[in-house]
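The values are calculated or read from the model by the stated rules, or taken from the named source; none is laboratory data. This one's a predicted model, so the numbers in the text were calculated from it and none came from an experiment. Cβ placement follows ideal geometry from the backbone for every residue including glycine, while neighbour counts extend to all protein chains displayed. These accessible areas exclude ligands, DNA and RNA; they are computed on the full protein's heavy atoms, side chains included. Shrake-Rupley method; radii C 1.70, N 1.55, O 1.52, S 1.80 Å.
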Amino acid sequence: HGVLDAAKTDELSEGLPTIYQKLREAGVWTATAGKDDLTLLGALRGQPCRRSAGGGEKCGDRRTRQLGFEDSARCYGKEFVRIARAPLDPYMEELEKRGWLKQLRQEAMTLCVDVEGIEGRGYVCPNVTRIPQDEFIDDWIARRAAELVRRAPTDKPLFLQVNYAGPHTPMIITRGMRASLARNFSWPLARNSRSLDPSIQQLMRSTYAAGIQNIDRLSHGILEAVWERGRWNNSLVCILSDHGEMLGDFWDLSPDYEPLGKSCPWQAAISVPLACMGPGVPRGRTVDDPVSVLDLAGTVLDWQGAAAPAGMDAVSLRGLLQGGAPDGRPAVSTLLIPNHRFSTAQKRFGDGRIYKLICCIGACPLGRLLRSAAERGGGPPQEGWVRKLFDLSSDPGETHDVLAGHPEVAAELAAAFGPPLP
């Protein structure tokens, strides 16, 4: 599509349609709300959106139409507030109108604290924001998503994508979100993390949990709007995430990288729940086999009767969702950014065990955040590929590399990787 990296500054290629364009061509009303991370709203990162001279266009309209959406309420993430001297998106515009933008910008730089031994910023945030709950970013996203549902044409099928931004750094939450957590609850500590202060772990994990809990509460309002639309029994609803969060897993085993955030090949970062309900989806069924969230693209196109773009690798999960068996394809997760490249593939094999292959450039990293000491020492190597194989059925913590004992398993999983991975 012409989008070459995470900067999202490139224009989309007209010759490569998006799934949203294909849905629109099939007569589906397409809408998106929140931080979709597909393209920038404007031409430049950190710059206010330009509007039409007559004021008819809202922020990001042109790029939203390019993607294939009929209606939208798109915004950036929480981290953009720190650089926002002027509103950069519709969410910040509302904050400025209500007098909260300057406050939130200051809080983004002061509510989180520095802790000795932790270099990543924005994870340890003991203080809460003063902005009202209804102006918290996820509350704004959910409110706008419900509005998109209510104003969508009733004579067309609807596709809505909602992209929450709250459980990201800076991990700032509201007073109400903090109060909603069970008092004196002890959260599970990170794996292999004895050298990371348990009280800091509790704070990071409780803050993250508050963000997830808030999303759960807000999603009810969106589902109510879908119910009011009158097609509840003909609606497929899926809840998932594009990544997990390390929150300190492998802290004791990671001398080079700080295991915080999402950009690493371990299960805490790449393995997320996928929960769906809809026509023909058995109630209460759970499937432990790994699948790829990329296949939701094929699933949505299949469910709406839309043609898939040429060359798309995603397949439909409709059969699996409606009670069928997994197709046995490995679930692949890949990150390709400068100085940090890896890919993983995992599947259940005939013996019933789930194996996972990790392939990394130079060294299999434990995170993207390179520790300053490691950086001064030149850091891990950046040439050559390293492979590790784990039996997730018996070793969910990924601590024992079994590659030497199962080369045929590794070879089968490696076949799922495309170039430039070996």
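Within region 26-38, track down each residue that is in a loop (DSSP other than H, G, I, E, B) and open to solvent by less than 10 Å² (accessible area, probe 1.4 Å).
Here is the first cut: in region 26-38, the residues in a loop (DSSP other than H, G, I, E, B) are 26-28, 35-38.
Hit for region 26-38 is 28, nothing else.
Sort out which residues of region 67-107 are in contact with a Pro (Cβ under 7 Å, 6 or more places away or on another chain) and over 26 Å from residue 32 (Cα atoms), and write them in order of number.
none
Name every residue in region 299-325 that is among the polar types (S, T, N, Q), in contact with a helix residue (DSSP H, G or I) (Cβ under 7 Å, 6 or more places away or on another chain) and in a loop (DSSP other than H, G, I, E, B), in order of residue number. Explain how you work it out, then say what you get.
As a first pass, look at region 299-325 and keep what is among the polar types (S, T, N, Q): 299, 304, 316, 322.
Now drop any that are not in contact with a helix residue (DSSP H, G or I) (Cβ under 7 Å, 6 or more places away or on another chain), which leaves 299, 304, 316.
Listed by number, the residues that qualify are 304, 316.
Return the residues of region 286-298 that are touching a helix residue (DSSP H, G or I) at 6+ places or on another chain (Cβ under 9 Å) and either exposed (fewer than 14 other Cβ atoms within 10 Å of the Cβ) or touching a residue at least 24 places away in the same chain (Cβ under 8 Å) (or both); say none if nothing qualifies.
Residues satisfying the conditions are 287, 289, 291, 297.
Kindly indicate whether residue 223 is in contact with a helix residue (DSSP H, G or I) (Cβ under 9 Å, 6 or more places away or on another chain) and farther than 27 Å from residue 393 by Cβ. I'd like the intermediate steps shown before the answer.
Values: in contact with a helix residue (DSSP H, G or I) (Cβ under 9 Å, 6 or more places away or on another chain): yes; farther than 27 Å from residue 393 by Cβ: yes.
Considered against the rule, which asks whether it is in contact with a helix residue (DSSP H, G or I) (Cβ under 9 Å, 6 or more places away or on another chain) and farther than 27 Å from residue 393 by Cβ, residue 223 comes out as yes.
Which condition breaks for residue 311 when tested against (1) in contact with a Gly (Cβ under 8 Å, 6 or more places away or on another chain); (2) closer than 24 Å to residue 359 by Cβ; (3) small (Gly, Ala, Ser)?
Unmet condition: (1).
Any chance region 266-282 includes a residue that's closer than 22 Å to residue 334 by Cβ, under 18 Å from the mean Cα position of the chain (by Cα), open to solvent by 30 Å² or more (accessible area, probe 1.4 Å) and hydroxyl-bearing (Ser, Thr, Tyr)?
yes
Picking from 328, 367, which residue would you name as being at positive phi, in contact (Cβ under 8 Å) with a residue 40 or more places away in the chain and outside any strand (DSSP E or B)? Can you show your working first?
Working: 328 fails: in contact (Cβ under 8 Å) with a residue 40 or more places away in the chain.
After applying the criteria, what remains is 367.
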